[in-house]
1. Just going by the charge dipole of the chain, with Lys and Arg at +1 and Asp and Glu at -1 on Cβ, which of 233, 64, 217 is farthest out on the positive end?
2. Around residue 349, under 13 Å between beta carbons, what's the net of Lys plus Arg minus Asp minus Glu among the other residues?
3. Report Rg(Cα)/(2.2 N^0.38 Å) for the stretch 188-265, keeping two decimals.
4. Using a Gaussian network for the chain with springs between C-alpha atoms less than 10 Å apart, which of these wobbles most: 250, 272, 32?
5. Using a cut-off of under 14 Å, list every residue of the stretch 256-272 whose amide N is near the label point 7 Å from the Cα of residue 322 along the Cα-to-beta-carbon line.
6. Below 12 Å, Cα to Cα, which aspartates and glutamates can residue 338 reach? Residues fewer than 8 away in the same chain don't count.
7. To the nearest 20 Debye, how big is the dipole of the chain about its Cα centre, given +1 on the beta carbon of each Lys and Arg and -1 on that of each Asp and Glu?
8. Apply the Karplus curve 6.51 cos²θ - 1.76 cosθ + 1.60, θ = phi - 60°, to the phi angles in the stretch 348-364 and return the couplings in whole Hz, x for Gly and Pro.
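The values are calculated or read from the model by the stated rules, or taken from the named source; none is laboratory data. Here the structure is a predicted model, which means the values were calculated and not measured. Methodologically, a virtual Cβ is constructed for each residue, glycine included, from the backbone with ideal geometry; neighbour enumeration extends over all protein chains shown. What goes into the accessible areas is simple: the full protein's heavy atoms, side chains included, and nothing from ligands, DNA or RNA. Shrake-Rupley method; radii C 1.70, N 1.55, O 1.52, S 1.80 Å.
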Amino acid sequence: MKNKFLAFLGSAVLSASVATAGGFQANLQGQKQIGMGHAGTGLALDQSSIFFNPGALAHLRQNGIQLGVSALNAKIAYREPAPGISQAQTDNPLSTPFQAYASFGKEESPLRFGIGVYTPYGSSVNWGTLWQGRFGLNELTLQAIFIQPTISYRISDKLGFGAGFVYATGNVNLQRSIPLQASNYAEGQVELDGGASGMGFNLGVYFQPIEKLSLGLTYRSKVEMEVEDGDVSFVLPSSGLITSQFQATKFGAKLPLPANITLGIGFRPTEKLTIAADIQHVQWSAYKALRFDYNAGIRGETFSESPRNYEDVFIYRLGAQYQVSDILALRAGAYYDKSPVQAGYLTPETPDADSRGVSAGLTIALSDRIDLDASFLYINKKERTDDASKSGGVPGTYKSVAYIPGVGLNYKF
């Protein structure tokens, strides 16, 4: 009972940062790329190359500033195992992941500098306090911001290299119910709140052997997010027996956000049509277990460790852009993302399953210097039933969908 309680208490805190990336895999780092199934490693589209491929940044002939935001509306439905009849659905608040990029360099210089600030992880999950799995999770809110200064060098009109340093910062808040068998009260409450940080890097090479074909290869390193001195607080009945079992006030933990290797291809069969395809390898196997250390005892123990044993997966992306006129460009795309979560490891904060995403987008040139981007991404995860026997999660059947409109503004100078 003690180990199961600790696993529940700890596992949801940082694994939800994985949920936003692997669980919904709603990558939202560029409005043009979102409209093309988030493909863009093999293209030099705009300043978001800082994220997608730093090697392509130096092939942009203009300096620019790019701002964008998406409205992530995600829903998760739950049904308990037979013969139970309990059902639940999340009431998640709207999340607003954003991206901001800027690049600059002399007009004829092969060197470009850039800075990117974006949110690759960040969402909210709210199951409430009455659902079947409330002892696993009531509510979780995660925010993560990556800051990436970047340098890119164009060796020739055909070849460029780039690199960026990544500093990640964010915070997480988790709330869940606690069963209290030794009390007249049926339940208590626990809340964990803490800041996290980590570092990594982004490397990219861009190659355009002929006018109609371009290739890109990027490596985004693992970022080990660490929580230090996170706050633990309890709402408990005034019973000495109960309160003596819950003495922790601080916690710490580490979580590896996985490395990514992406190969991208851009093909221009006509002057107006561009086709992009990406194959992304996500090294989720780095996420083997999650350990939490507490400054005092929780039911007699000062740490918890729960297995995750994620698997490496591939994501396949395909998109197209058609330049209707000098003023208007249209886009469409799709992707398939296999879940890294093995059978028996499902949890209510990461009820992950294989994902299918379809998207559309457009750009309207408001002037010679200002463009307006818009995108829409729909994500549908396969319905998944899991006994959660290895994760200590909440067994049952889960179904997830997400609707994500977005808008961006580009200024070129």
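1. 217
2. Numbers: positive: 134, 176, 308; negative: 139, 352.
Around residue 349, the surrounding residues sum to +1.
3. Working: Rg = 22.9 Å, N = 78, 2.2 N^0.38 = 11.5 Å.
So the Cα radius of gyration is 1.99 times the expected 2.2 N^0.38 Å.
4. Sorting by GNM fluctuation, first place goes to 272.
5. 269-272
6. Hits, sequence-local ones excluded: 311, 312, 352, 354.
7. Working: 34 positive and 34 negative charges, 129 e Å.
So the dipole magnitude of the chain works out to roughly 620 debye.
8. Coupling constants for the stretch 348-364: x, 8, 9, x, 7, 7, 4, 10, 10, x, 10, 8, 8, x, 7, 10, 10 Hz.
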